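The values are calculated or read from the model by the stated rules, or taken from the named source; none is laboratory data. Just so you know, these numbers come straight off a predicted model, no measurement behind them. Cβ atoms come from the backbone with ideal geometry, glycine included; neighbour counts cover every protein chain shown. Surface accessibility is based on the protein's heavy atoms, side chains included, excluding ligands, DNA and RNA. Shrake-Rupley method; radii C 1.70, N 1.55, O 1.52, S 1.80 Å.
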Amino acid sequence: MAKIIEYFSIATSNIGKRKLRSWLTMIGIFIGIAAVVGLISLGQGLEKAIETEFQKLGSDKIIVTPAGNVYNSIPDEDTPGKLKEDDEKVINRVRGVKTVALTNFKVSEIKWGKEDIGFYFVSGNPTKNDESSLTQEVYAVTIIEGRYLKPDDKFKAVVGHDYATSTAFKKNLHPGSTIIINNQEFEVVGVKDKLGNEGDDRTVIIPRDTYFELFDTKEYPDTIIVQVNKEFTPDDVAESIKKELRKERNQKEGQEDFAVKTLQEYLTSFLTILNIVQTVLVGIAAISLLVGAIGIMNTMYTTVLERRKEIGIMKAIGARNSDILFLFMIESGFLGLVGGVIGVLLGLGFSNLVASIGRQILGTKLLMATSPWYLIVGALAFAFIIGMLSGVLPAKQAASLKPVETLRYE
Amino acid sequence: MPETIIELNNVWKTYYMGNNEVHALQGISLKVKKGEFVAIMGPSGSGKSTAMNMIGCLDVPSKGEVYLSGKDIMNMSESNLAQVRGRKIGFIFQKFNLINTLTAKENVILPMILQDMTKQERELKAYEILKLVDLTDRMNHRPNELSGGQQQRVAIARSMAMNPEVILADEPTGNLDSKSGSTVISFLKKLHKEKGTTIVMVTHDEHIAHNAERIEYIKDGKIEKVKHNK
Ligand SMILES: Nc1ncnc2c1ncn2[C@@H]1O[C@H](COP(=O)(O)OP(=O)(O)OP(=O)(O)O)[C@@H](O)[C@H]1O
Ligand SMILES: [Mg+2]
């Protein structure tokens, strides 16, 4: 089919002379393609940013939580399972476990000025050296003022970024300030860097021993963080931990009151959710492609009417029905392709704009719109195919025209 | 004895317009031999164009047979007929029927594209025939930038693109002044004489018809009489 190329050049010479109308009907295609390309670029960029962020936390970590509990959520009375203080010993016995750190958190009244009073998260973190650094890694703690908690600290606190900067508070806290948690005075020793969500940025971290003293309970740990020895795979270690904890509790597989997950698994399940959201959004965007397809079909029908005579001439000089069919389908595909090119450009612009706005709002440098070559090529091919499919019916009509009749009427 | 290239045998063509039947052809029989120059004359509405459409395989008869080089066109598929039109027959119309978005040269090249000629061959051939009809200086103009006579010369060039055995010209001078008309006729005569191309031409002008070797007179969709010139 060497004629394809020839037809294509004829088709383009016809499109060059298209009326405003044809360009308008392309709007549907290019808005659709722009939305699809834009959303996918953003989604991929977001995925990459999340993956990079997780990589920073390290893939050698395992999180143990009560069952039915999502990572970092609040345990309450309905929580089906509870972790035990003893679990630490059990986990420590598992081969491949390097460090185990236990943390607790709850909402408490916090006061630091006449008008500054409210209920925020208080987190009890370990202060022993390696447990402390493991906790800091997993909770992404970076100190920007002062220092983090030391092993023999008591009634000392590290506060979230908002306490030091937020204009929502009358008085801001810095190292040396005093803060009252549950009617007990604490000295602020450090300020955490911004994480971008209010929950984290308003959390106050205190030593875990002080936490128990303060709330006067011997609570069960809410989260157990495990670091895996380099020579072991986190998945295997997580499996062994599960087995040991089951044995300890006399529970059958599938009926555990605890959950063991590697950070990688958290990442995977998070990305799955992100993918579902993305698919739904792209699906919605695709509706405008349908509108675009109908627009192209309409234009092609009009074109066939307008060019009846040309079709008759072409048939008289030897064009077969299949040639005419092909010519009109290529032309229609080309309409789609032109719409696709405009759409891809718009989509790239849109996603980069949104990403840069996102970077400013979230204060992260990680979020970049990601548009791999196969997304662009795929979008263009898709636009061409949509155009071509929209042209099938009009092209069939063109091909079935009788030369005598088209040549008779002027 | 040269072979018969076109034969209409008792051909009828009926058009239906609502409840009305129009019998455009009513049992016409006609033979054209290879290398002949035949003129067809007759009053308006007598069926000349309809007959030409049958000869050119642009339409099929309601009744009767049309043979092209001995083959019944009723037995040929659509794509076969298109092939025959493209390779064996060249058309020249009263209204030129060029494609307005293409230049003169592109119009001439189009039949060659449809027959899968290579680009190199096409360019050479197009130049050669445009030179023959004396239009090389106008080959990159579009039809609306050309005079009627020039457009008809482009149409002649296009009809020659595939070296057809037959050229069918339906009132080729009908839209031209007498000077451009006689130029067009002189090109047709040259083609006939130098290349031996068979020519069938419809005309209303007795004078022009006398360039042909034979004149077939049509009336009411039938051959009324035949006149041999010379
Ligand atoms: N597609 C058609 N539908 C209906 N009637 C038609 C059609 N084509 C031709 N006719 C009729 O058939 C008859 C013959 O028409 P045709 O065009 O062959 O005449 P003609 O001899 O070429 O006339 P002219 O010299 O005016 O060109 C006319 O009565 C015409 O109205
Ligand atoms: Mg006529």
Inset, instruction - Go through B:214, B:122 for me and flag whichever is within 24 Å of residue B:84 (Cα to Cα) and open to solvent by less than 40 Å² (accessible area, probe 1.4 Å). - result: B:122
Legend entry - Subset of region A:151-174 [within 22 Å of residue A:128 (Cβ to Cβ) and within 36 Å of the chain's Cα centre (by Cα)]: A:157, A:158, A:159
Legend entry - All positions within region B:74-99 that are within 16 Å of ligand 2 (Cβ to nearest atom), hydrophobic (A, V, I, L, M, F, W, C) and farther than 12 Å from residue A:317 by Cβ: B:96
Inset, instruction - Name every residue in region A:150-169 that is among the small types (Gly, Ala, Ser), assigned to a loop (DSSP other than H, G, I, E, B) and more than 14 Å from residue A:199 (Cβ to Cβ), in order of residue number. - result: A:168
Inset, instruction - Using the structure shown, decide if residue B:2 is away from ligand 2 (no atom under 14 Å from the Cβ) and without any contact (Cβ under 8 Å) to a residue 40 or more places away in the chain. - result: yes
Legend entry - In region A:156-201, the residues that are surrounded by fewer than 13 Cβ atoms within 10 Å (Cβ to Cβ) and touching a Ser or Thr at 6+ places or on another chain (Cβ under 6 Å): A:185
Inset, instruction - Can you run down the residue pairs with Cβ atoms below 6 Å, 6 or more apart or on separate chains, where the first is in region B:12-24 and polar (S, T, N, Q) and the partner is modelled with pLDDT of 90 or more? - result: B:14/B:21; B:14/B:23; B:14/B:62
Legend entry - Qualifying helices (runs of 4 or more DSSP H) (wholly inside region B:111-201; at least 3 residues being within 13 Å of chain A (Cβ to nearest Cβ)): B:119-132, B:148-160
Inset, instruction - Answer yes or no: is there a residue in region B:92-104 that is within 15 Å of ligand 1 (Cβ to nearest atom) and either farther than 27 Å from residue A:303 by Cα or open to solvent by 40 Å² or more (accessible area, probe 1.4 Å) (or both). - result: yes
Inset, instruction - Kindly provide the set of residues from region B:185-223 that are β-branched (Val, Ile, Thr) and within 16 Å of ligand 1 (Cβ to nearest atom), ordered by number. - result: B:200, B:202, B:203, B:208, B:215, B:218, B:223
Inset, instruction - With respect to residue B:71, determine if the residue is within 16 Å of ligand 1 (Cβ to nearest atom), surrounded by fewer than 17 Cβ atoms within 10 Å (Cβ to Cβ) and farther than 13 Å from residue A:316 by Cβ. - result: no
Inset, instruction - Could you list, in sequence order, all residues of region B:30-60 that are open to solvent by 10 Å² or more (accessible area, probe 1.4 Å), within 14 Å of chain A (Cβ to nearest Cβ), under 20 Å from residue B:224 (Cα atoms) and without any contact (Cβ under 8 Å) to a residue 60 or more places away in the chain? - result: B:45, B:53
Inset, instruction - Residue by residue through region B:86-110, note down the ones that are touching a residue at least 40 places away in the same chain (Cβ under 8 Å), assigned to a helix (DSSP H, G or I) and not small (Gly, Ala, Ser). - result: B:87, B:88, B:107, B:108, B:109, B:110
Inset, instruction - Enumerate the pairs (first residue in region A:258-282 and without any contact (Cβ under 8 Å) to a residue 12 or more places away in the chain; second residue anywhere and surrounded by 13 or more Cβ atoms within 10 Å (Cβ to Cβ)) with beta-carbon separation below 7 Å, excluding pairs fewer than 6 apart on the same chain, so at least 6 apart or on different chains. - result: none
Inset, instruction - Taking only region B:29-40 into account, find how many residues are in contact with a Lys or Arg (Cβ under 8 Å, 6 or more places away or on another chain) and either modelled with pLDDT under 95 or more than 15 Å from ligand 1 (Cβ to nearest atom) (or both). - result: 3
Inset, instruction - Could you tell me which of the residues A:405, A:331, A:410 is over 30 Å from residue B:48 (Cα atoms), modelled with pLDDT under 90, within 14 Å of another protein chain (Cβ to nearest Cβ) and touching a helix residue (DSSP H, G or I) at 6+ places or on another chain (Cβ under 8 Å)? - result: A:331
